[in-house]
Every structure is written in C-alpha cells, then in structure tokens.
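A.B. asks: Below are the structure tokens for one structure; questions will follow.
The values are calculated or read from the model by the stated rules, or taken from the named source; none is laboratory data. These numbers were taken from a predicted model, which means no experiment stands behind them. Here the Cβ is made from the backbone with ideal geometry for all residues, glycine too, and neighbour counts use every protein chain on show.
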Amino acid sequence: MRGALADEVRAAAAVDEISTPRPGLVLATVRESARRSLFHLGEVLVTEAKVRVAGVLGLGLIRGRDSQAALDLAVVDAACNAGLAVAQGWLPRLAAAEEALERQLDRESAALASTRVEFETLDTGAAP
C-alpha cells in the first residue's frame, strides 16, 4: 500500500511541491518512569516535505532518510485536509492496515514476553 494513496491523489489532483524533501533533526523527549520527569534523549534524524493540493497545505515528516515516503505522506496529508473525494474511500483500507499492524505488534509482544526475566530481592526486614 506504500505510495498507493499518494498516487491516487496525484492522478486526481495537481500536487505543488512547496519544499523538496530534506533531512532535519527533531529532539526526542521521553518521560523517565521512576520520577515521571521529562528528559531529552537526543536528536532523531527525519525527512520532511511540504506540498499543496487543491490549495491546502500538506506536511510529511518521516523518521530516517526517506524522501519519497515524506513526499507521499505530505500528499496524503494535503488530500485529507482538503477533503478530496479520493480520500473519502480510504477509511476501510486504513482500518484493515491498522488491524494488521496491531496483530503484528501483538505477535512481537508475545515473543518478547517469553524472554522476560522476573527479579526478586530478599528483604531481611532489619532496619539500617
């Protein structure tokens, strides 16, 4: 399905590329589980693109170096934001793709769960 949605938009409407896909860095912020505080893990390499479809802006931001994926995402984003008719039929396909992804993640989680190690500590109950 990769690129297929963007190709449908390109066949139905004119796509104006505002900025060519280019690399960038995004700060990754995570929450530390024990203290629940935020800290900056580091920077993540991304590829970003901007397009206009039917006068509406679309943005694509993809982790890693993938110019075509960033451009395709921007096209799909613009089509959805513009409410193009071509985008109206995507919901069943996207729902099926989401279900397939959920099943894959469940299988991976089950495989990882079998390697989980439980640690126990002995507490003597004596005060320091």
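A.B. asks: Would you check if Leu73 is out of contact with any Gly (no Cβ under 7 Å at 6 or more places or on another chain), touching a residue at least 24 places away in the same chain (Cβ under 8 Å) and of a type outside the set (Val, Ile, Thr)?
C.D. replies: Against the criterion (out of contact with any Gly (no Cβ under 7 Å at 6 or more places or on another chain), touching a residue at least 24 places away in the same chain (Cβ under 8 Å) and of a type outside the set (Val, Ile, Thr)), Leu73 does not qualify.
A.B. asks: Another question, then. Provide a single number: the residues in the stretch 56-92 that are in a loop (DSSP other than H, G, I, E, B), of a type in the set (Gly, Ala, Ser) and either crowded, with 17+ Cβ neighbours inside 10 Å or at pLDDT below 95 (or both).
C.D. replies: The first filter runs over the stretch 56-92 and keeps only residues in a loop (DSSP other than H, G, I, E, B), leaving 64-66, 83-84, 89-90.
Filter once more, so that each one left must be of a type in the set (Gly, Ala, Ser): 64, 83, 89.
Filter once more, so that each one left must be either crowded, with 17+ Cβ neighbours inside 10 Å or at pLDDT below 95 (or both): 83, 89.
Looking only at that region, the number is 2.
A.B. asks: Go through (1) out of contact with any Lys or Arg (no Cβ under 6 Å at 6 or more places or on another chain); (2) under 25 Å from Leu94 (Cβ atoms) for Glu32 and report which single condition fails.
C.D. replies: Tallying (1) out of contact with any Lys or Arg (no Cβ under 6 Å at 6 or more places or on another chain); (2) under 25 Å from Leu94 (Cβ atoms), Glu32 fails exactly one: (2).
A.B. asks: A further question follows. Taking Gly42 as the residue in question, decide whether it is farther than 21 Å from Asp7 by Cβ and in a strand (DSSP E or B). Step through it out loud before you land on a result.
C.D. replies: Values: farther than 21 Å from Asp7 by Cβ: yes; in a strand (DSSP E or B): yes.
In short, yes.
Every residue, every condition in (1) touching a residue at least 12 places away in the same chain (Cβ under 8 Å); (2) more than 23 Å from Ala85 (Cβ to Cβ); (3) acidic (Asp, Glu), yes or no:
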site	(1), (2), (3)
Val9	yes, no, no
Arg22	yes, yes, no
Phe39	no, yes, no
Val44	yes, yes, no
Ala54	yes, no, no
